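Have a look at the structure below, then the notes.
The values are calculated or read from the model by the stated rules, or taken from the named source; none is laboratory data. Note that the structure is a prediction, hence the values are computed from the model and not measured. Positions of Cβ are backbone-derived with ideal geometry, glycine not excepted, and every protein chain shown enters the neighbour counts.
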Amino acid sequence: MPFALPDITEAEVEAVAETVRSGWLTTGPNAEAFEREMAEFLGGGDLQCIAVNSATAGLHLAVEALGLGPGDEVLVPPWTFTSTAEVGRYVGAKPVLVDCDPSTLNMDFDDADAKVTQRTRAVMPVHMAGRPIPHAAIRAFAMRHRLAVVEDAAHAFPARDGGRYVGDSTSEAVVFSFYATKTITTGEGGMIMVRSEALAQRMRTMRLHGINRDVFSRYQSATPSWQYDVIAPGFKYNLPDLAATIGRVQLSRAREMWAARHSIACRYHQAFANLPVTLPVLPADPEEHAWHLFVIRVDEVESGIHRDLFIERLSALGVGASVHFIPLHLHPYWADHCGVGPEALPRATREAERVVSLPIYSSMSEKDVDHVIRSVKTVLRTC
């Protein structure tokens with residue numbers, strides 16, 4: 001069985017077919033409706049959602065709209081996908097890597113305190129595996145150092161923090177991913193959450209070549225459709241209606257898909273409780289985890305098997321497992337650019353040798369979950 005699969009039903013298939021029949025394939029009424037429905041789902045009010053074609057695009061638009069540029073520094077965790085750091089480089093800023101909390105793999109704000117300089121302009125916390133960093137901690141840190149906050153919430157939909165959904169916050173921007181492996185998917189896609197009208201307007205303009213009117217309004221408006229102004233050299237980051245159509249159906253199913261992931265996580269916790277592995281920490285409130293990933297730690301001394309061999313043996317039994325992530329400071333580019341080696345981020349370096357992500361997705365059957373549990377136990381008992 002694969003490590004991950006999207007959860008697609010006939011409802012998504014029919015919705016896409018209807019969009020194809022409508023003749024409107026690019027960004028239009030479905031993308032606009034997806035933005036409205038996402039804002040309502042997260043809490044409404046003055047929250048604005050901006051649909052984009054990837055979370056990377058969303059992060060880039062956020063740092064650009066905030067005016068980050070050459071000479072600025074951005075605090076970034078090493079425990080993330082490369083896009084979190086690379087968007088800073090897009091605008092000429094320098095990512096500064098901050099060590100992780102070993103229990104959650106989220107950013108360690110004590111280490112972050114020590115990394116702040118006069119050039120630090122923003123912090124980009126990542127909600128690793130779907131376990132949110134408490135917003136109060138993020139906000140306190142940002143206010144202490146007068147920093148802007150761009151939350152990389154690629155893993156975190158639809159987790160809650162203190163009773164509110166991640167995304168319904170006071171951060172300058174929060175960005176979700178709708179990649180194929182996420183809780184809800186558009187195939188490729190993402191969504192930016194903002195409250196500032198000025199930031200939202202800048203992101204909408206830069207999302208489509210710096211044009212001051214979106215595609216839908218240019219072709220549906222009663223005023224001359226050919227007339228628009230390019231006010232900045234923007235990007236091509238819009239989400240087409242074909243993708244947004246899938247997203248709208250997925251959003252309507254988000255709670256049930258989260259419940260399926262939560263159920264699998266609980267089964268894994270119960271089944272693996274007495275095995276020589278370290279399990280992810282369960283939150284006191286079940287909704288404070290999206291369970292995008294189920295990350296265990298396999299220590300060669302404690303478990304009797306090296307992590308890499310553990311993954312190979314699972315694969316031989318037909319179970320796809322993965323590693324999330326190889327920390328940024330262990331990649332050649334980031335080690336060189338940030339001037340850090342393995343010893344600079346000791347907790348991230350240690351955990352990099354131990355982490356294993358097991359399959360967890362809402363379309364898994366009971367038989368699939370049983371197979372994963374049985375295979376993990378088989379590998380560990382034969383060590």
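As a summary of the residue check, Met128 satisfies the conditions (1) out of contact with any Phe, Trp or Tyr (no Cβ under 7 Å at 6 or more places or on another chain); (2) closer than 30 Å to Arg204 by Cβ; (3) hydrophobic (A, V, I, L, M, F, W, C) except for the one numbered (1).
Within the stretch 158-184, residues that are under 15 Å from Met257 (Cβ atoms) and in the same structural domain as Leu68 (by TED's automatic domain parsing) have Cβ atoms under 7 Å from residues that are polar (S, T, N, Q) and at pLDDT 95 or above in these pairs: Pro158/Thr183; Phe178/Thr185; Phe178/Thr186; Tyr179/Thr185; Ile184/Gln250, counting only partners at least 6 apart in sequence or on another chain. Among the residues of the stretch 138-169, the one identified as touching a helix residue (DSSP H, G or I) at 6+ places or on another chain (Cβ under 6 Å) and under 13 Å from Asp108 (Cα atoms) is Phe141. Listed conditions (1) crowded, with 20+ Cβ neighbours inside 10 Å; (2) under 18 Å from the mean Cα position of the chain (by Cα) are all met by Phe141, apart from (2).
Residue check: is Ala153 within 24 Å of Glu288 (Cβ to Cβ), surrounded by 24 or more Cβ atoms within 10 Å (Cβ to Cβ), small (Gly, Ala, Ser) and in contact (Cβ under 8 Å) with a residue 12 or more places away in the chain? Considered against the rule, which asks whether it is within 24 Å of Glu288 (Cβ to Cβ), surrounded by 24 or more Cβ atoms within 10 Å (Cβ to Cβ), small (Gly, Ala, Ser) and in contact (Cβ under 8 Å) with a residue 12 or more places away in the chain, Ala153 comes out as yes.
Based on this model, can you work out whether Arg131 counts as buried (at least 20 other Cβ atoms within 10 Å of the Cβ), of a type in the set (Lys, Arg) and within 23 Å of Ala156 (Cα to Cα)? Against the criterion (buried (at least 20 other Cβ atoms within 10 Å of the Cβ), of a type in the set (Lys, Arg) and within 23 Å of Ala156 (Cα to Cα)), Arg131 qualifies. Can Arg248 be described as within 21 Å of Met38 (Cβ to Cβ), out of contact with any helix residue (DSSP H, G or I) (no Cβ under 8 Å at 6 or more places or on another chain) and at pLDDT 95 or above? Answer is no for this residue. For the stretch 1-40, filtering for residues that are among the aliphatic types (A, V, I, L, M), under 24 Å from the mean Cα position of the chain (by Cα) and at pLDDT 95 or above leaves 7.
Yes or no, residue by residue, for (1) within 28 Å of Arg253 (Cα to Cα); (2) surrounded by fewer than 19 Cβ atoms within 10 Å (Cβ to Cβ); (3) aromatic (Phe, Trp, Tyr); (4) in contact with a helix residue (DSSP H, G or I) (Cβ under 8 Å, 6 or more places away or on another chain):
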residue	(1), (2), (3), (4)
Leu275	no, yes, no, yes
Arg307	no, no, no, yes
Glu312	no, yes, no, no
Val319	yes, no, no, yes
Cys338	no, no, no, yes
Met364	yes, no, no, yes
Lys377	no, yes, no, yes
